[in-house]
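All of the numbers you see were taken from the coordinates with simple rules; none came from a lab. Computed from a predicted structure; not experimentally measured. In this analysis, Cβ positions are derived from the backbone assuming ideal geometry, glycine residues included, and neighbour counts consider all displayed protein chains.
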Amino acid sequence: MTHAHSLDRGLLIDRNAACLVQGGQQWTYEDVARHSYRLARKLQQAGYEPGTKASILSRNSAAAFMCVFGIARAGLTWVPANPKLNEEDNAYLLDFMDCELLIFHSDLADMVRSLQRQLPKLTLWICLDRSLPGFVSLEDWLGDVGADPVDAYHDPDAVAIIAPTGGTTGRSKGVQLTQRNVNAFMASHLMSLHYPHSERPVNLAAAPLTHAAGFAALPTVARGGKVVVLESPDPASLLDAIEAHRVTELFLPPTVIYRLLATPGVETRDYASLRYFIYAAAPMAVEKLKQAIQVFGPCMTQVFGQAEAPMMCTYLAPDEHLQDGAMAPDDVLSSCGHPTPLVQIRILDEDNQRLPTGARGEICVRGDLVTPGYYKQPDATAKTIVDGWLHTGDVGFIDEQGRVHICDRKKDMVISGGFNIYPQEIEQVLWSHPSVEDCAVIGVPDDDWGEAVKAVVELKPQAQATAEELMALCKTRLGSLKTPKSVDFIEQLPRSPNGKVLKRDLRDTYWVGRARAI
């Protein structure tokens, strides 16, 4: 299963239905299919064999996303490039992944001209939207290639995507995702997010299509639904789009949801069409989740995954967020749901031994959703996938009801005076304070304790809070051991291009000249 297979299924349902929408433009399934036929045939004519690495560098764009269908149809491997990365990081990505062709948007031409001088292996450079000096436009390159149907390349073990990891702990690795992996994702998504057969979902792609939003759009296409593309998740545009297009599902990371909740008038908008408002990619504050349920209705949906096992390792359905018409208990809302049917999840200790219910250890995943490994990094693959089990790097436990709980990233755990302290537990308390927009809890050097707990807090606009006030809140809720020994206020937390808080960058400012134990 690839993007092209999803498109072919949507085409069978209704070739005249809207497939992609952006701004005032709309492309039907027939339009997108014909574009994919032409691109696939041209790639084949140009001699590009299945498995050739092809990349697209563009902001969220329906025209760019259409190209992914053609790349997949020809059997090439898509390497998503991120326009929010700097030139150095994109040069590393395109070079390390052995990309041979790049389709780019003209807005990024200056970066591309510099990249062209650095990447001799990349021999074909195509401008997505127009001709530029030294670059052929996509339409000119396609020329008079016909739009007769081209069968989608099929090989379950072929690498369909090489997905760069977030890069929050160093250089991005390339996660190889085969057609079998994509198929497992699709099956898990379609089994979990239900629609009547006659209903056509409407997906709002506001987060980057190069990452989770691109995956989340595929089941919509396979169902013959409509994908509405926004260039960026601007709160006002996002809320307008939900109403105007009667959006049924969307994915956003928690940080963007927080901004939505802070938008004036958010409570007065119409969300009646929403069935599944997916939150993932980072922990969500329970108090803000409760607020989201009150504002958006009974549609909040959690999934857990990572590039190595995309999105659908666990699932917490909308109706699980409520019990007997009231808000579910905090221990349900703080979980990430049950394992999905096509994966196994175990909690393993440092010796790879299975831990009992309730015991904390590393969350490990097995199944067809799991990558076969990292591109050109066998040592990293062997370290991460042991006896078929993907070691996620997340510490957590499984409760008596079989729900998975994530305590924290293994590398973020603070060891203070010999005690293991999980920052996410403290962050949940800080997030509950009405003045706190976002926060990060880290370990900083301490001569007596090895590490001391520090909270770095981003306040809401015009809001006020003192360090003593926040520390007192934590002490009341968590006790002295887990209470931050200090609180720093920051105007804006450092974040990756995908919105994740970069705790490594925060820690580095406090650990200069010191070696951290973990």
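The Rg/Rh ratio for the range 144-202 is 1.13, where Rg is the radius of gyration of the alpha carbons and Rh is the Kirkwood radius.
For the chain, the dipole from Cβ point charges (+1 on Lys and Arg, -1 on Asp and Glu) about the Cα centre works out to 500 debye, to the nearest 20. Distances over 21 Å make up what percent of all Cα-Cα pairs in the range 247-402? Considering the range 247-402, 50 percent of its Cα-Cα pairs are separated by more than 21 Å. Considering every alpha-carbon pair of the range 199-268, the percent of pairs per 10 Å bin, from zero through the bin containing the longest distance, is 21, 54, 23, 2. Each of Val444, Val487, Val202 was scored by the projection of its Cα onto the charge dipole of the chain, and the greatest displacement toward the positive side belongs to Val202; charges sit on the C-beta of Lys, Arg, Asp and Glu. Counted over the range 415-510, the DSSP beta bridges are approximately 75% antiparallel.
Do any GluC sites (Glu not before Pro) in the range 392-432 lie in a loop, going by DSSP, with at most 15 other beta-carbon atoms within 10 Å of their beta carbon, and if so which?
Hits after loop and neighbour filter: Glu400.
Which values of log₁₀ I(q)/I(0), to two decimal places, follow from the Debye formula for the range 415-510 at q = 0.19, 0.22 Å⁻¹ with a uniform point scatterer at every Cα? Evaluating at q = 0.19, 0.22 Å⁻¹ gives log10 I(q)/I(0) of -0.89, -1.17. By the rule of a C-alpha distance below 27 Å, with chain neighbours fewer than 8 residues away ignored, the lysines paired with Lys121 are Lys42, Lys53, Lys84, Lys173, Lys376.
Taking Cα atoms only, the orientation of helix 286-296 departs from the longest principal axis of the chain by about 50 degrees.
Straight-line cross-link partners of Lys460 among the aspartates and glutamates, defined as a Cα under 16 Å from its Cα and at least 8 positions apart when in the same chain: Glu287, Glu427, Glu437, Asp438, Glu469, Asp488, Glu491. Rounded to the nearest 500, the helix-only mean residue ellipticity at 222 nm of the chain stands at -9000 deg cm²/dmol, with each DSSP H run of n ≥ 4 adding -39,500 (n - 2.57). Helix 235-245 and the longest principal axis of the Cα set of the chain meet at an angle near 50°.
By the scheme Lys and Arg +1, Asp and Glu -1, what is the net charge of all other residues having a beta-carbon under 9 Å from that of Tyr37? Here the charged neighbours net out to +3. DSSP bridge analysis restricted to the chain gives an antiparallel fraction near 60%, rounded to the nearest 5. In the chain, the C-alpha radius of gyration followed by the widest Cα-Cα span (Dmax) gives 23.1, 73 angstrom. Taking 25 °C and 0.890 mPa s as conditions, the range 3-232 diffuses translationally at an estimated 138 µm²/s according to Stokes-Einstein applied to its Kirkwood radius (Cα pairs). Counted over the range 3-232, the DSSP beta bridges are approximately 30% antiparallel. Where does helix 467-478 land angle-wise versus the long Cα axis of the chain, in degrees 0 to 90, nearest 10? Its long axis makes an angle of about 80 degrees. With Cα atoms as the point set, the range 343-409 shows a radius of gyration and Dmax of 12.1, 40 Å.
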